[in-house]
Amino acid sequence: MTLTLSVVGCGYLGATHAACMSSLGFTVVGVDTDPEKVALLQSGKLPFYEPGLDTLLAQEMKTGRLSFTTDFSAVKNADVHFVCVGTPQSKDGLAADLTYVKSAVATIAPHLKDGALVVGKSTVPVGTAQALRAELAKSAPQADLAWNPEFLREGFAVEDTLTPNRLVVGVANDRAEEILKEVYEPVIAFGTPWIRADLPTSELVKVAANSFLATKISFINAMAEVCEAAGGDVTVLAKAIGYDPRIGNRFLQAGIGFGGGCLPKDIRAFMARAEELGAKQALEFLREIDAINLRARQRVIDVVRGELSQDLTQYKIAVLGATFKPDSDDVRDSPALDIAAQLQAAGATVVVHDPQGIEPARKRFPNLQYQEVVTDALKDADLILHLTEWKEYRQIDPAAISSLVKSKIIIDGRNMLDRTLWRKAGWKFHALGRTD
């Protein structure tokens, strides 16, 4: 029997998962409470930017296998239900807000048929899955619950769903695992490692992975601070230690730190949950990781003041990048946008350009100035800040834009530009963690 799937929550994770599962041949229904989002998806269009997903979504909508609705009773015929709702940081603390996860499971519970499997994909504090499974046993004893954490990278979501580097499933029995093996059979066929875990371990895998990545990013940014103080070059340092196979070279790019909707809130929620479990000391180091990350943003502002003046009221600054990373329109907890807003608050005239993130950024910071064309953003600038490593910024000809700006000063907050090229064109070039 071919399984039918539902996806509960059709944001970034849910829409990606629904389209990808449809492409594997499953009949998939996506349900969400937002009628505008659902209407857009049902028309074959995305409410966000993700390379390749727009084409896949349009393709799958034409097959008739994929549909989206606000009617939660539409899940009644599904065998497997993937819960893909958000778990934002709580408004009154570091903990994760589980309102949407609990609501999603409670809402579909009356519609679950015999033998249905609810599969959480949202990032949740350890213990959540067991609690939800216990609740489901009361409201829908004919169903079961498992956990299957996602490891999507924005900009590579389709690739990471269809050809992941591992599949982790938290299950309480063999039947749940066999159902998930049936769902992922085409993916497993590619040789993807399959890891069976208990429910708590499956939840911990995701937050542990994010905490490790956050630690690695903040480590190299701490080294950048030391390099600046000692006259060293963090890019050479990172290259040298990256050759050590125990360390590796991924996530050793010094810059303005991490942001987005995952790493910052996940490490904070992990700390909060550890404290609840009586293991607060085990994750105390994550507080410094968070602090180093936020300090990287302030260091950029300090460099700007060093190049211009402590009083920024007479200066225009062009900011290249608003999203937290390239190939995305996500501005949640974006270091680039945060720096732009802080500079404006300090009195500077700030003009922001981004290939995909202008409208999301405008909604978050409507008082900043935005330009759709990069050369318009650079006009009469006293200083340029390169804060999101979009490919098109690396392709800028520094000689060609020299006549546009008032002063030829650029700060590379991502250590991605060719400083030799910029300096040959007469620019004063500053990169974090490099003193020459």
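Taken together, the values in this text are just the output of simple stated rules run on the coordinates, not laboratory data. Being a predicted model, the structure only gives us computed values, none of them experimental. Ideal geometry is used to build each Cβ from the backbone, glycine not excepted, and the neighbour counts take in all protein chains shown.
For the chain, return all DSSP H helices satisfying: extent of Cα atoms along own axis at least 18 Å; mean Kyte-Doolittle hydropathy at least -1.0.
Membrane-span-like by this rule: 199-230, 263-276, 285-307.
Dipole of the chain (Lys/Arg Cβ +1, Asp/Glu Cβ -1, origin at the Cα centre): which of Ala381, Leu53, Leu337 lies farthest to the positive side?
Ala381
I'd like the antiparallel share, as a percent to the nearest 5, of DSSP beta bridges with both residues in the stretch 1-81.
Counting DSSP beta bridges with both partners in the stretch 1-81, the antiparallel share is about 0 percent.
Tell me whether the stretch 1-75 comes out rounded, prolate or oblate; compute the Cα gyration tensor, take square roots of the eigenvalues as a ≥ b ≥ c, and use a/c under 1.5 as the rounded threshold.
Oblate.
Compare Ala222, Ala291, Ala254 in a GNM of the chain, Cα atoms joined below 10 Å, and give the one with the largest fluctuation.
Ala291
Would you kindly calculate the mean projected area, averaged across all directions, of the convex hull enclosing the Cα atoms of the stretch 4-197, in square nanometres?
Over all viewing directions, the stretch 4-197 projects a mean Cα-hull area of 10.4 nm².
Percentage of Cα-Cα pair distances in the stretch 211-292 greater than 20 Å, rounded to whole percent?
Result for the distance tail: 40 percent.
How about the stretch 168-274: which chymotrypsin sites (Phe, Trp or Tyr not before Pro) there lie in a loop by DSSP and see at most 15 other Cβ atoms within 10 Å?
Those satisfying the criteria are Phe190, Tyr243.
If you place +1 on the Cβ of every Lys and Arg, -1 on the Cβ of every Asp and Glu, and leave all else neutral, what size is the dipole of the chain about its Cα centre, to the nearest 20 Debye?
Charge dipole of the chain: 540 debye, to the nearest 20.
State the answer as a single residue: which of Tyr100, Ser402, Ser122 lies farthest towards the positive end of the charge dipole of the chain, with beta carbon charges of +1 for Lys and Arg and -1 for Asp and Glu, about the Cα centre.
Ser402
Run through the DSSP bridge list for the chain and note the antiparallel percent, rounded to the nearest 5.
Details: 4 of 47 bridges.
For the chain, the DSSP antiparallel bridge percentage is about 10.
For the chain, build the convex hull from the C-alpha positions and give me its volume per residue in Å³.
Taking the convex hull of the Cα positions in the chain, it is 154 Å³ per residue.
Over all alpha-carbon pairs of the stretch 198-436, lay out the pair-distance distribution in 5 Å bins, whole %, shortest bin first.
Per 5 Å bin, starting at zero, the Cα-Cα P(r) for the stretch 198-436 comes out as 1, 6, 13, 17, 18, 16, 12, 7, 4, 2, 1, 0, 0 percent.
Under unit Cβ charges (Lys, Arg +1; Asp, Glu -1), what dipole magnitude, rounded to 20 debye, does the stretch 79-162 have relative to its Cα centre?
Dipole magnitude for the stretch 79-162 comes out near 260 debye.
Could you point to the residue in Ala143, Gly255, Pro193 farthest towards the positive end of the chain's charge dipole, with +1 and -1 charges on the Cβ of Lys/Arg and Asp/Glu respectively?
Selected residue: Gly255.
Determine the dipole magnitude for the stretch 198-436: charges of +1 sit on the beta-carbon of Lys and Arg, -1 on that of Asp and Glu, nothing else is charged, the reference point is the Cα centre, and the result goes in debye to the nearest 20.
With Lys and Arg at +1 and Asp and Glu at -1, about 280 debye.
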